[in-house]
Amino acid sequence: MTPLLIVIIALALIFDYINGFHDAANSIATVVSTKVLTPLQAVLWAALFNFAAFFIFKDHAVANTIGKTVIDTYITLPVILAGLIAAIFWNLLTWWYGIPSSSSHTLIGGFAGAAVAHAYMSKGFVAFSSVVEMGKIVKTLLFIFLAPLIGMIISMFIALVTIHRNLWIKLGIIGAASVATWAMFLHFQQGKMEENMQKFFQVDKFNQEVEKNPNNQDSKTKLAVATANYDTALKFLRDYPTLGAEKVANNIAANISFKELETGKLKEIVSKTAKLDRLKKDAFYDESKKPQLEALTAKINGLKPLFIQHREIGADSLAVAVSNAMGFSGSDEDKLKKAFKIDLTKDLTKEIGKADNSFLRYSLLGVILIFVLSYIYIDKLRKPSANRTANMFKKLQLLSSAAFSLGHGGNDAQKVMGIIGAAFIANGDMSDFKDLPNWVPLACYGAIGLGTLTGGWKIVKTMGTRITKVTPLEGVSAETAGAVTLFMTEQMGIPVSTTHTITGSIIGVGATKRLSAVRWGVTRNLLVAWLLTIPVSAAVAGLCYWIIRFFM
């Protein structure tokens, strides 16, 4: 690791920590304002489930989205550094003034703003769409409005169903909602598996190559083969619910030749060792380095006969042959010996299994069952009273707060993982997010959990009391709605704001009483802060990049 990369990783984890105490209010505001838990108990509770998200969310789709917000060519370590500095500045500023702004959008705005500044200073005027992935930016911008709206609708639904007096109608509505939720998350799972299959067979990679150069017949041929393999794999994916990931992967491997994929994987390993991606980026900005890039590319392409025979040669002998041909050091040769022992069937099993969301589905059904049993208990087994109902919802709020904290950890920690992954790629230490070291997710979830432990009391006041007065019933409705929304968007790979989500949910439960119960003036101020977050963060990041560029 270079010193600058170490600084960036440290700053990313500091941002993650700040994100934890900045957004702690999202998880604990309602549970504190309803006096279900003391502030200390609440932050301990939220921190525990923030970290527990590490063991639940495995696919890291949000991290992949964040890391690919900017086109690879314009991702450099100074760009990432400037984006992080801007994001930390805006987070601390809004925390100081008690404004529940979005840490997610701060990070995205900072990253994009620094990249645009870098592009303009290095290449002159370039189209904005050539610097950032517009599809990902548009999705993110849309969910500034959609996330709170979805949270509001779900919280209103939960609140209205809860206060309905006829138990059997209430249970019927809950049953229908449960079936719809199960079907929706099954759809998300299937979509993720298909997306992972596309990446595994490199359909997306070859498709981009063809789009860049439509006349390249080699890329067209590779795309056709990759698409055919992907279509074959989809047929076997249907058996996943009954056979599981390992058997499905074995069936796919038995019907598709992995030889071309293995050759490509070996080439990627050698390219990473030779720092080819870094040289490509250098040559993009410095024409004098293009001959060096062409020579290195030709040298790696010349190893293809060795790659094709890798099974006959063996990993160790192949590593020696490649190292001699490329002039690698002894330590690089040792690394190649380990890296060349690839098992694509095992990798495929992992890619299929990562998309599984059965834990979330069964957990949501478990939460729904607890709600149902609670309603039956208070309505049929005990004589209903205002005091008993209030006490029941205070207990249920522990459950809903835990669920929301899981969603917060799973969504927000991944954003920092995406930034660290982008830094590794920019430094030439890895070529794809699937190669992210195992310690990165652990560090990110740990940092956000520690941050939550410190709390964010100024924002707790805004979220818990200033928008609307929240009762235990409304707290349960808001937190449950927020959790479901975060689980949904995580499955879709969309980085949303936990702040926006819980705010919309709180507005929803307030509006079920009467529209005047919501302090719309406060809500309007929050909306202004949300809209300013991305452009202000982008502008600050651009300034930070200019300063960094001046000194580097």
- Computed FRET efficiency, Cβ-Cβ of MET1 and VAL138, R0 30 Å: what is it to the nearest 0.05? 0.30
- Item | Neighbour count of at most 13 Cβ within 10 Å plus DSSP loop: longest chymotrypsin sites (Phe, Trp or Tyr not before Pro)-free window in the chain | 126-552
- Item | Span per principal axis, largest first, for the Cα atoms of region 314-445 (Å) | 83, 29, 16
- Item | Estimated distance in nm for a label pair at ILE370 and ILE153, the labels positioned 7 Å out from Cα along Cα-to-Cβ | 2.6
- Task: Within region 67-101, which residues have the backbone N less than 12 Å from the label spot 7 Å out from GLN292 along Cα→beta-carbon, could you tell me?
- Result: none
- Query: Could you list, bin by bin from short to long, the percent of Cα-Cα pairs of region 211-318 in 10 Å steps?
  - Reply: 12, 28, 33, 20, 6, 1
- Using a basic spin-label model with each label point 7 Å from the Cα along Cα→Cβ, how many nm lie between ALA529 and LYS247? 5.3
- Note on the structure: Length gained if ASP343 through TYR285 is fully extended, taking 0.36 nm per residue and subtracting the Cα-Cα distance, is 17.2 nm
- Sites TYR97 and ILE547 - FRET efficiency at Förster radius 25 Å, r taken between beta-carbons, to 0.05: 0.55
- Taking the convex hull of the alpha carbon atoms in region 76-181, what volume per residue do you get, in Å³? 134
- Message: Quick check: convex hull over the Cα atoms of region 248-306, volume per residue in Å³, rounded to an integer?
- Response: 95
- Which entry in (i) 84, 29, 20; (ii) 40, 32, 20; (iii) 45, 29, 19 matches semi-axes √(5λ) of the Cα gyration tensor in Å derived from the coordinates of this structure? (iii)
- Task: Report the charge-dipole magnitude of region 193-285 in Debye, nearest 20, computed about the Cα centre from +1 at each Lys and Arg Cβ and -1 at each Asp and Glu Cβ.
- Result: 320
- Note on the structure: To the nearest 20 debye, the chain has a Cα-centred charge dipole, built from +1 on Lys and Arg Cβ and -1 on Asp and Glu Cβ, of 1820
- Message: At a threshold of 8 angstrom on Cα-Cα distance, excluding pairs fewer than six apart, so keeping six or more, what relative contact order does the chain reach in percent?
- Response: 42
- Message: Could you give the length gained by full extension between SER122 and HIS164, i.e. 0.36 nm per residue of separation minus their alpha carbon distance, to one decimal place?
- Response: 8.9 nm
- List the longest stretch of the chain that has no exposed loop site; here a site is one of the trypsin sites (Lys or Arg not before Pro) assigned by DSSP to anything other than H, G, I, E or B, with at most 10 other Cβ within 10 Å. 166-513
- Query: According to the Cα gyration tensor, what semi-axes, each the square root of 5 times an eigenvalue, does the equivalent ellipsoid of region 395-445 have, listed from largest to smallest in whole Å?
  - Reply: 31, 8, 7
- Please identify which residues in region 188-227 have an amide N closer than 20 Å to a label point set 7 Å out from the Cα of ILE308, following the Cα→Cβ vector. 217-226
- Along region 222-227, Karplus-curve 3J(HN,Hα) (6.51, -1.76, 1.60; θ = phi - 60°) to the nearest Hz, with x for Gly and Pro, reads 4, 5, 5, 5, 4, 5
- Which value in nm describes the separation of the simple spin-label points at ARG238 and LYS259, placed 7 Å from the Cα toward the beta carbon? 3.0
- For VAL132, the residues 5 or more places away or on another chain with a placed amide H closer than 5 Å to its own amide H are ILE71
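Only the coordinates and a few stated rules stand behind these numbers; no lab work does. Please read all numbers here as calculations on a predicted model, not as lab measurements. Here Cβ is always computed from backbone atoms with ideal geometry, including for glycine, and neighbour counts include all displayed protein chains.
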